[in-house]
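The structure under discussion appears below in the form of structure tokens.
The values are calculated or read from the model by the stated rules, or taken from the named source; none is laboratory data. This one's a predicted model, so the numbers in the text were calculated from it and none came from an experiment. Cβ: placed from backbone, ideal geometry, glycine included. Neighbour counts: every protein chain shown. In case anyone asks, the SASA skips ligands and DNA or RNA and just uses the protein heavy atoms, side chains included. Shrake-Rupley method; radii C 1.70, N 1.55, O 1.52, S 1.80 Å.
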Amino acid sequence: MQLAKAFGAEVTAVCSGRNVELIRSLGADHVVDYTREDVTLGESRFDLIMDIAGTHPLRQLPARDDRGATYVMVGSVVDRFLRPILYGKVLTLVTRERVTSFVAKRNAEDLADLAERIDAGQIVPVIDRTYPMAEVPDAVRYLEAGHVAGKLVLTV
Ligand SMILES: NC(=O)c1ccc[n+]([C@@H]2O[C@H](COP(=O)([O-])OP(=O)(O)OC[C@H]3O[C@@H](n4cnc5c(N)ncnc54)[C@H](OP(=O)(O)O)[C@@H]3O)[C@@H](O)[C@H]2O)c1
């Protein structure tokens, strides 16, 4: 979300109620609480949808108005993540939206760019909790529960 803002996008962020103020404070233009409202059923239309939770079926894409929107599946359980790869080209033909998956490729150049943006205060890393090494199992359990707000840090 912060990167999208840094690149000049008008951003609608989807999160649960407990994270609304956090997301707003990080610069989201609009925030939708997914526990109260289904963003795919609203009137809003988008140019780019980054689906990080991956909880909606592809057929519920909100960007159905032939503007050439792009839907990118970032995170989900494996079978859902594979669907854009398997059916993306067909869906793109039918809906005229680009449907695809994204897998991060880490490289020094991008990390340096992120570091510069953090140093400049353009991006603020959100750290939910910090754990000592001895408590890694607790950290992993918390992560696997799927409700970490931001990142966990291990102190070495
Ligand atoms: N494609 C790639 O290259 C790549 C790279 C890294 C990670 N991933 C994947 O991306 C996903 C997210 O990674 P992560 O590290 O951010 O995971 P995470 O820390 O487990 O994400 C948890 C966050 O997702 C929110 N969330 C849960 N359900 C949601 C929904 N329906 N709508 C909106 N927000 C929802 C939770 O908020 P609440 O607690 O409020 O529900 C929490 O803030 C994972 O599936 C991961 O495997 C993909």
### aspartates and glutamates with Cα under 13 Å of LYS151, excluding same-chain neighbours fewer than 8 positions away
ASP128
### Query
Using θ = phi - 60° and the Karplus curve 6.51 cos²θ - 1.76 cosθ + 1.60, what whole-Hz ³J(HN,Hα) does each residue of the stretch 4-11 get, with Gly and Pro shown as x?
4, 5, 4, 8, x, 7, 8, 10
### Task
Using amide H atoms built 1.01 Å from N in the peptide plane, name the residues 5+ places from THR70, or on other chains, whose amide H lies under 5 Å from its own.
LEU48, ILE49, ARG98
### Query
Expressed as a rounded percentage, what relative contact order does the stretch 29-156 have, with Cα pairs under 8 Å and six or more residues apart?
16 percent
### Task
Using only the Cα atoms of the stretch 97-139, build the gyration tensor, take square roots of its eigenvalues as a ≥ b ≥ c, and label the shape rounded, prolate or oblate: rounded if a/c is under 1.5, else prolate if a/b is larger than b/c, else oblate.
oblate
### Query
Which one of LEU143, LEU26, LEU154 has its Cα pushed farthest toward the positive end of the charge dipole of the chain, where Lys and Arg give +1 and Asp and Glu give -1 at the Cβ?
LEU143
### Query
Got a number for the accessible area of HIS147? Probe 1.4 Å, square angstrom, nearest 10.
100 Å²
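Calculate for the chain the 222 nm mean residue ellipticity that helices alone would give, adding -39,500 (n - 2.57) per DSSP H run of length 4 or more and normalising by residue count, nearest 500 deg cm²/dmol.
-9500 deg cm²/dmol
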#### Entry: Positive minus negative residues near SER16 (Lys, Arg vs Asp, Glu; Cβ under 15 Å)
-2
### Query
Taking +1 at the Cβ of each Lys and Arg and -1 at the Cβ of each Asp and Glu, which of GLY88, LEU111, SER101 sits farthest along the dipole of the stretch 17-156 towards its positive end, judged by Cα position relative to the Cα centre?
GLY88
### Query
When the accessible area of the chain is split by element with a 1.4 Å probe, what percent falls to carbon and sulfur?
56 percent
### Message
Heavy atoms of the protein only, probe of 1.4 Å, neighbouring chains included. What is the accessible area of THR92 in Å², nearest 10?
### Response
50 Å²
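Checking the a/c ratio against 1.5 first, then a/b against b/c, what shape does the Cα gyration tensor give for the stretch 1-59? All intermediate terms of the calculation are to be shown ahead of the outcome.
On the way: a/c = 1.75, a/b = 1.19, b/c = 1.47.
Because a/c hits 1.5 or more and a/b fails to exceed b/c, the stretch 1-59 counts as oblate.
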### Task
Give, rounded to the nearest 20 debye, the magnitude of the charge dipole that the stretch 25-147 has about its Cα centre when Lys and Arg contribute +1 at Cβ and Asp and Glu contribute -1 at Cβ.
600 debye
